[in-house]
Amino acid sequence: MMDKVRRAGILGTGRYVPEKVVTNEDLSAKMDTNDEWIVTRTGIRTRHIAASGEAASDMAAEAGRRALERAGISADQISFMMVATGTPDYPIPSTASIVQEKLGLSHTGAMDISSGCAGLIYGLIIAGGMVSSGMADYVLVISSEMLSRHLDWTDRSVCILFGDGASAAVVGPVPEREGILSFDMGTDGRFWNSIHIPAGGVVQPVSEEAIRNKDIYMKMEGKKVFAWSVRRMKETADISLRRAGLDKKDISLFLFHQANLRIIQCLSEKMGIPMDKIPIELDRFGNTGPASVGIALDEALRKGYIRKGDKVLLDAFGAGFIWSSAVIGF
Ligand code: UT7
């Protein structure tokens, strides 16, 4: 333990989205919106929504199971696990405890990460540190977000944006020149209430009044979030690239948080990255919070878009405001 420094990378990924697909037309039938507005403003066409009875821990466990399978790592080889979520099954205990039980990982430490949409990348970086230092050999990092349960389905400016889903990665030792080559993590707490759910915590416990005022649902200052997303995601990408000693041209794929196609197009323009180097999954899944970057990574790996020797940038921004990026070699 702790007597060696080694390179840590992603050995396998998995993802899970619920079966039920909700289209823009489905939403138009329930509220004053339309496919044209949603597609032009966000790029989103469909999203998956969890069935009643399905929990964030169920999605997490399924994504985790698939990641273990792809990595070829058995549950008993995992020594620590994390679940990034803003939509835990319960306020107490951590969703990680529930997922740990579902995956039969009873010998591991487990904890939740509450870092908004940057949660999965935060988790990968923490896991990378544990593996590099020798504190752990294999760490399972999962993200699972079920925002459908926290949305006001009459607030058309917010509810159309999100979908439920989970993604996971097994982090373990990899050869030199592969794995997490650099990273950056940031937070700007001045804007903690620009995306938040006012009720349900200790400041405003759930009450009839909170329900009446719709304070149990997520509130968001859309334009502010948009502007800061672009700014911080560009800055953090530049920092991670610089720390890795790489140029944009050295990166095969830019896996940006899948919140809004226009945010991604702005990044493409400002950073001078062609759109064909940026996978788009939000058209099918909407914004799946911390799971989104992992879903895009899983998709890219499964479709063979990432080859041996490729370097990929992961970059996300969300509630907090919190952001993070990492350059990962495969
Ligand atoms: O992980 C980070 C998560 N958050 C985000 O990614 C959000 C970032 N922000 C955004 O994506 C955009 O700000 C939105 C997509 C949320 C909104 O786009 P916008 O271009 O900022 O629109 P807006 O809020 O300025 O609204 C323009 C108009 C308004 O009508 P008026 O006041 O001009 O008459 C809205 O009432 O569009 C109306 N509107 C809608 N119309 C049809 C808002 N939502 C809808 C809707 N359908 N769903």
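The values are calculated or read from the model by the stated rules, or taken from the named source; none is laboratory data. Predicted model, so just to flag it, every value in this text is computed and none were measured. Virtual Cβ from ideal backbone geometry, glycine too; neighbours counted across all protein chains shown.
Quick one: PHE80 ticks every box in (1) more than 26 Å from PHE162 (Cβ to Cβ); (2) among the aromatic types (Phe, Trp, Tyr); (3) out of contact with any strand residue (DSSP E or B) (no Cβ under 7 Å at 6 or more places or on another chain) bar one, so which box is it?
Of (1) more than 26 Å from PHE162 (Cβ to Cβ); (2) among the aromatic types (Phe, Trp, Tyr); (3) out of contact with any strand residue (DSSP E or B) (no Cβ under 7 Å at 6 or more places or on another chain), only one is false for PHE80: (3).
Out of ALA84, ALA29, ALA118, ALA96, report the one residue that is more than 16 Å from the ligand (Cβ to nearest atom) and either more than 18 Å from the chain's Cα centre (by Cα) or surrounded by 14 or more Cβ atoms within 10 Å (Cβ to Cβ) (or both).
When all the criteria are applied, what remains is ALA96.
Test each condition in (1) farther than 27 Å from GLY134 by Cβ; (2) surrounded by fewer than 23 Cβ atoms within 10 Å (Cβ to Cβ); (3) more than 16 Å from the ligand (Cβ to nearest atom) for ARG45 and report the one that comes out false.
(3)
List every residue pair whose Cβ atoms sit under 7 Å apart, with the two residues 6 or more apart in sequence or on different chains, where the first one lies in the range 26-50 and is within 20 Å of THR288 (Cβ to Cβ) and the second, anywhere, is assigned to a strand (DSSP E or B) and near the ligand (Cβ under 10 Å from one of its atoms).
ARG47/PHE162
Which number in (1) surrounded by 15 or more Cβ atoms within 10 Å (Cβ to Cβ); (2) away from the ligand (no atom under 15 Å from the Cβ); (3) under 18 Å from LEU151 (Cβ atoms) marks the one condition that ALA237 misses?
With respect to (1) surrounded by 15 or more Cβ atoms within 10 Å (Cβ to Cβ); (2) away from the ligand (no atom under 15 Å from the Cβ); (3) under 18 Å from LEU151 (Cβ atoms), ALA237 is out only on (3).
Within the range 37-54, does at least one residue satisfy the condition of being touching a Pro at 6+ places or on another chain (Cβ under 7 Å) and β-branched (Val, Ile, Thr)?
yes
State which residue is surrounded by the most Cβ atoms within 10 Å (Cβ to Cβ) when the search covers only the range 172-191 and only residues that are closer than 16 Å to ALA8 by Cβ and under 19 Å from the mean Cα position of the chain (by Cα).
My answer is ILE180.
Given the range 51-167, what helices (runs of 4 or more DSSP H) lie entirely inside it while holding 2 or more residues that are among the basic types (Lys, Arg)? Show your work before the answer.
On the way: elements: 56-71, 95-102, 119-133, 156-159.
Qualifying helices (runs of 4 or more DSSP H): 56-71.
For THR154, indicate whether it is within 16 Å of the ligand (Cβ to nearest atom) and at pLDDT below 95.
yes
One residue is enough: does the range 276-285 have a residue meeting the conditions crowded, with 24+ Cβ neighbours inside 10 Å and at pLDDT 95 or above?
yes
Do we have any residue at all in the range 196-208 that's assigned to a helix (DSSP H, G or I), small (Gly, Ala, Ser) and in contact (Cβ under 8 Å) with a residue 24 or more places away in the chain?
no
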